[in-house]
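K.L.:
Sharing a structure below in structure tokens format, with a few things to ask.
The values are calculated or read from the model by the stated rules, or taken from the named source; none is laboratory data. These figures come from a predicted structure and were not determined experimentally. Heads up, the Cβs are rebuilt from the backbone with ideal geometry, glycines too, and the neighbour counts pull from every protein chain shown. Surface accessibility is based on the protein's heavy atoms, side chains included, excluding ligands, DNA and RNA. Shrake-Rupley method; radii C 1.70, N 1.55, O 1.52, S 1.80 Å.
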Amino acid sequence: MSALSLVPNADRVAADAAALRAPLAIRGLTVSYGQQPAVFSVDMTLRAGAMTAIVGPNGAGKSTLMKAALGIVTPLSGRITAFGAPVELQRHRIAYVPQRASVDWDFPARVIDVVLMGMYRDLGLLGRVRAHHRDFARDCLDRVGMTDFADRQIGQLSGGQQQRVFLARALAQNADLYMLDEPFAGVDAATEKAIIAVLKGLRDEGRTVLVVHHDLATVAEYFDDVLLIATRKVAEGPVTQVFTADNLQATYGGRLATQQIDRLPGAGA
Amino acid sequence: MLWEALTLQLGYNATLVTVGAALLGFAAGVTGTFLFLRKRALVSDAISHATLPGVGLAFLAMVALGGDGRNLAGLLIGSALSAWVGLLAVSFLTRRTRLAEDAAIGAVLSVFFGFGIVLLTVIQSLGAGRQAGLEDFLLGSTAGMLRADALLIAGGGALVLAVVLALRRPLTLVTFDPDYAVARGLPVARLDLLMMGLVMAVTVIGLKVVGLILIVALLIIPPVAARFWSDRSDHVVLLSGAIGAVSAWVGAALSATAPNLPTGPMIVLTAFAIFALSLLAAPGRGVLAAALRQNRFRRRVHMRQGLLALAHGQPIYEGLTLRLLQHAGLVRPDGVPTEAGQARAARALRDEARWAELRAGPGNEAAAALHDGVRDIETVLTQDQIAEIDRRIGGPRGVPG
Ligand SMILES: Nc1ncnc2c1ncn2[C@@H]1O[C@H](COP(=O)(O)OP(=O)(O)OP(=O)(O)O)[C@@H](O)[C@H]1O
Ligand SMILES: [Mg+2]
């Protein structure tokens, strides 16, 4: 913790009170690979029941932030809580869809088997896979439009289809917080619509959804809140207040074409 | 004699040895599956070679303490300790130096094995006669095995088997997607360690039967063979165990009929025979099935192309296509389509039109994904669905000309 954080102020106290219950609250998170910080001193609080986008350029530390929150990479410093408890105790309430699943695609597993892995906790160590488990897994596949592929070996799918299988695995987990790392990368327009409908459905059931998202043009349409990062946090809050040309300029620097900014809300056009 | 050995009619001791070997084989097969799928097969080779110094040192220690140097339990404890040191050495070299894992394995394997051979040679020159049997740990031998030893092997195999089967779900999760396993809160590092511990247990228990040089084969060949038969990890695990068990059973029986044959090579050769059979004959992933499928598909592609050419009134020059069409009585030797040929061509054309309609429409992704250019749409859709498509594209189309 830096010396600054030792000085309480009204804002901070209020924010920490909110963070006490938040689906995910991160304080002072720094992660580095070697000597180069990928995420530096980031604070963020997710609003329960909202859909939040993480937006930032390539290499901004978006994936790293998620992985640190999930314990896949070990942070250099920082405190992470989920639903008011240390995140390690809440892992079962958090579902994750990685940017690129680093799995062996020749692994002996069918699509349905991968989805059943999401139900690991329900199945227990020795319990048999019963009809209602299988039905629920099929239901999850149905929600991402993959029912007809249930019996395929996972390597025999296209990239976009593989992505949807991992989304179905996350759905099967029946979690309270969903973290998806670029679920729309390499996915066609119809599939993107289908996935966003699934995610909005989750939100409408009161679950919280956090998505790393690259397409600035759809941020306002898809999301309630946004977190802008470029190694450090640039801004966080409701899309309507935070997703502004100035903040985007600060996030992307010179990398953003001006006409891209002009099309965004708050650009004064 | 071989039949008697296989059917356990060679007396109580031989039966115990065969059953013990089979249990060991089953344990090796299921443990090996996770090792193979985690892509750490070679580590087991380092572990097995690292057992040898432990065998020698345990023998010397037991003799020095005035006991029987050949006590199997003592030798196995010694081998487990030195295998553990070898495993630590591999993991230290990979994590603390820039050495890649394969190089670390090569280094540890050869140094430990060399040291072990030196120890064995020293022992041989010390107390002639008393060391008899230590070489059996290289290639395995079940000849004249004590009842207690056989029980130790059977019990150890059963224990390893029980642990792996009880933990098959977390092990599968860690093997398939370690990052996801971490995110789910599984103790991935500890499970990996446990897996290595189980491999070590199999190795140590199998030393007497299979021998340290070949035990890696009993861990790796069964899963590789089993993989040909199934795309489901739970099936692969069990099948691999069964293959390991059968190999060990048959191998032990073979060597019982000819006591001069070392047991390890017999077991490994049996496993290899099952592997070769799987490679050739397995449906799905086997070589023969793949070749047959490929050939059949090629003929269907030619047939379909030929029919479409007929439908469009185009000439056909391709030799195989012509032969196939003629053989089916669809064109005359002079290349003119027969009546049957015209009917089939019209149907093929209609099938194409139906597919095009299906693929253009929304909501049929899975069915449309089955489109491979030769599959008949009637094998994919119901009559009702086809009638609906026909309604959209209009009545049947004839063959031009
Ligand atoms: N395993 C790793 N080892 C070393 N450096 C890494 C590793 N993973 C990421 N980095 C570095 O950390 C920084 C942040 O990476 P991260 O993957 O979090 O970016 P990102 O915002 O997700 O980018 P993208 O939009 O390309 O997915 C980058 O500079 C990257 O080079
Ligand atoms: Mg990323």
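K.L.:
Expressed in nm to one decimal, what extension gain is obtained for the pair B:Leu320 and B:Asn260 from 0.36 nm per residue of sequence separation less their Cα-Cα distance?
P.N.:
Fully extending the segment from B:Leu320 to B:Asn260 adds 15.9 nm.
K.L.:
Taking each residue of B:228-237 in turn, how many C-beta atoms of other protein chains fall within 10 Å of its C-beta, and what is the average? Mind showing how you got there, number by number?
P.N.:
Values: counts 0, 1, 3, 12, 7, 6, 4, 1, 3, 1.
Shielding by partners across B:228-237 averages 4.
K.L.:
Exposed loop sites here are GluC sites (Glu not before Pro) in DSSP loop states with at most 13 other C-beta atoms within 10 Å. What is the longest stretch of chain B lacking them?
P.N.:
For GluC sites (Glu not before Pro) (loop position, at most 13 other Cβ atoms within 10 Å), the longest site-free span of chain B is B:136-317.
K.L.:
Sticking with this structure for a sec: Can you pull the one-decimal nm distance between simple spin-label points at A:Arg130 and A:Ser158, each 7 Å off the Cα toward Cβ?
P.N.:
Distance between label points: 3.9 nm.
K.L.:
Between A:Ala185 and A:Thr240, how many nm apart are label points set 7 Å from Cα along the C-beta direction?
P.N.:
3.2
K.L.:
Of the beta bridges DSSP finds with both residues in chain A, what % are antiparallel, to the nearest 5?
P.N.:
About 55 percent, rounded to the nearest 5.
K.L.:
Same structure, new question: Could you give P(r) for region B:33-95, binned at 10 Å from zero, as whole percent values over all Cα-Cα pairs?
P.N.:
P(r) for region B:33-95, in whole percents per bin: 24, 40, 24, 11, 1.
K.L.:
Charges only on Cβ, +1 for Lys and Arg, -1 for Asp and Glu: so what's the dipole of region B:288-398 about the Cα centre, in debye to the nearest 20?
P.N.:
Values: 17 positive and 13 negative charges, 73 e Å.
In debye, rounded to 20, region B:288-398 gives about 340.
K.L.:
Show the residues, 5+ positions off or on another chain, whose built amide H is closer than 5 Å to the amide H of A:Asp225.
P.N.:
A:Met51, A:Thr52, A:Ala53, A:Val239
K.L.:
Across peptide A:165-172, how many C-beta atoms of other chains are within 10 Å of each residue C-beta, on average? Don't skip to the answer; put the middle values down first.
P.N.:
Numbers: counts 0, 2, 0, 0, 2, 1, 0, 0.
For peptide A:165-172, the averaged partner shielding equals 1.
K.L.:
Applying the Karplus parametrisation 6.51 cos²θ - 1.76 cosθ + 1.60 with θ = phi - 60° to the phi angles of region A:73-85, what ³J(HN,Hα) value in whole Hz is obtained for each residue in order, glycine and proline being reported as x?
P.N.:
10, 8, x, 6, 7, x, 10, 10, 10, 10, 6, x, 9
K.L.:
Given labels modelled 7 Å from the Cα in the Cβ direction, how far is it in nm from B:Gln124 to B:His327?
P.N.:
6.2
K.L.:
Further question on the same structure: Can you spot the lysines whose alpha carbon is less than 22 Å from A:Lys200's alpha carbon? Ignore those fewer than 8 places along the same chain.
P.N.:
Straight-line reach from A:Lys200, under 22 Å: A:Lys62.
K.L.:
Using square roots of five times the C-alpha gyration tensor eigenvalues, list the equivalent-ellipsoid semi-axes of chain B in whole Å, biggest first.
P.N.:
In descending order, the three semi-axes are 61, 24, 18 Å.
K.L.:
Using 0.36 nm times the number of residues separating B:Ala73 and B:Ala166, minus their current alpha carbon distance, what extension gain do you get? Walk me through the intermediate numbers first.
P.N.:
Values: separation 93, 0.36 × 93 = 33.48 nm, distance 2.56 nm.
Fully extending the segment from B:Ala73 to B:Ala166 adds 30.9 nm.
K.L.:
Here's a follow-up. For the protein assembly as shown, state the average projected area of the convex hull of the C-alpha atoms over all orientations, rounded to one decimal in nm².
P.N.:
Answer in nm², one decimal: 42.4.
K.L.:
Okay, next question. Report the far tail of the P(r) of chain A, meaning the percent of Cα-Cα pairs longer than 28 Å. Walk me through the numbers before you get to the answer.
P.N.:
Numbers: 13599 of 36046 pairs.
Across chain A, Cα pairs with separations above 28 Å total 38 percent.
K.L.:
Let me ask something additional. Quick one: which of B:14-23, A:29-38, B:254-263, B:215-224 comes out on top by average Cβ neighbours within 10 Å, and what's the full order, highest first?
P.N.:
The peptides rank, most packed first, as B:215-224, B:14-23, B:254-263, A:29-38.
K.L.:
Using a Cα-Cα cut-off of under 18 Å, which aspartates and glutamates could be cross-linked to A:Lys67, ignoring same-chain neighbours fewer than 8 residues away?
P.N.:
Cross-link targets: A:Asp43, A:Glu88, A:Asp176, A:Asp181, A:Glu182, B:Asp177, B:Asp179.
K.L.:
Another question, then. Taking the full set of protein chains and a 1.4 angstrom probe, give the accessible area of A:Leu76 in square angstrom, rounded to the nearest 10.
P.N.:
So the heavy atoms of A:Leu76 present about 130 Å² to solvent.
K.L.:
Taking the Cα centre of chain A as the origin and placing charges on Cβ (Lys, Arg +1; Asp, Glu -1), which of A:Ala48, A:Tyr33, A:Thr208 is farthest toward the positive end of the dipole?
P.N.:
About the Cα centre, the residue reaching furthest to the positive side is A:Tyr33.
K.L.:
Ballpark to the nearest 100 Å², how much total accessible area do B and A bury together, probe 1.4 Å?
P.N.:
Working: alone 20090 and 13510 Å², together 30610 Å².
Adding both sides of the contact gives about 3000 Å².
K.L.:
Quantify, in whole percent, the carbon and sulfur part of the accessible surface of the protein assembly as shown (1.4 Å probe; protein heavy atoms only).
P.N.:
59
K.L.:
Additional query: Show the residues, 5+ positions off or on another chain, whose built amide H is closer than 5 Å to the amide H of A:Ala235.
P.N.:
Sorted by chain and number, the residues that satisfy this are A:Leu228.
K.L.:
Shifting gears a bit: On full extension of the chain, what length is gained from B:Leu146 through B:Ala291, given 0.36 nm per residue of separation minus the C-alpha to C-alpha distance?
P.N.:
Working: separation 145, 0.36 × 145 = 52.20 nm, distance 4.95 nm.
So the extension gain works out to 47.2 nm.
K.L.:
With r defined as the distance between the Cβ atoms of B:Leu8 and B:Phe92 and R0 fixed at 56 Å, what FRET efficiency is calculated, to the nearest 0.05?
P.N.:
0.80
K.L.:
How many percent of DSSP beta bridges within the protein assembly as shown run antiparallel, rounded to 5?
P.N.:
Rounded to the nearest five, the antiparallel share is 55 percent.
K.L.:
Take peptide B:159-172, look around each residue's Cβ out to 10 angstrom, count Cβ atoms belonging to other protein chains, and average those counts. Mind dumping the intermediate values first?
P.N.:
Numbers: counts 0, 0, 0, 0, 0, 0, 1, 2, 2, 2, 9, 2, 0, 6.
What the average comes to for B:159-172 is 2.
K.L.:
Within region A:146-172, name every residue whose backbone N is under 19 Å away from a label modeled 7 Å from Cα of A:Trp105 along the Cβ vector.
P.N.:
A:146, A:149-169, by backbone N distance to the label point.
K.L.:
So, with +1 on the Cβ of K and R and -1 on the Cβ of D and E, and no other charges, what is the size of the charge dipole of the protein assembly as shown about its Cα centre, to the nearest 20 debye?
P.N.:
Dipole of the protein assembly as shown, to the nearest 20 debye: 340 debye.
K.L.:
Now for a separate question. Please state the shape class of region B:188-230: rounded when a/c is under 1.5, otherwise prolate if a/b exceeds b/c and oblate if not, all from the C-alpha gyration tensor.
P.N.:
Here region B:188-230 falls in the oblate category.
K.L.:
Is the C-alpha gyration tensor of region B:288-398 telling us rounded, prolate or oblate? Criteria: a/c under 1.5 is rounded; beyond that, a/b larger than b/c is prolate, otherwise oblate.
P.N.:
oblate
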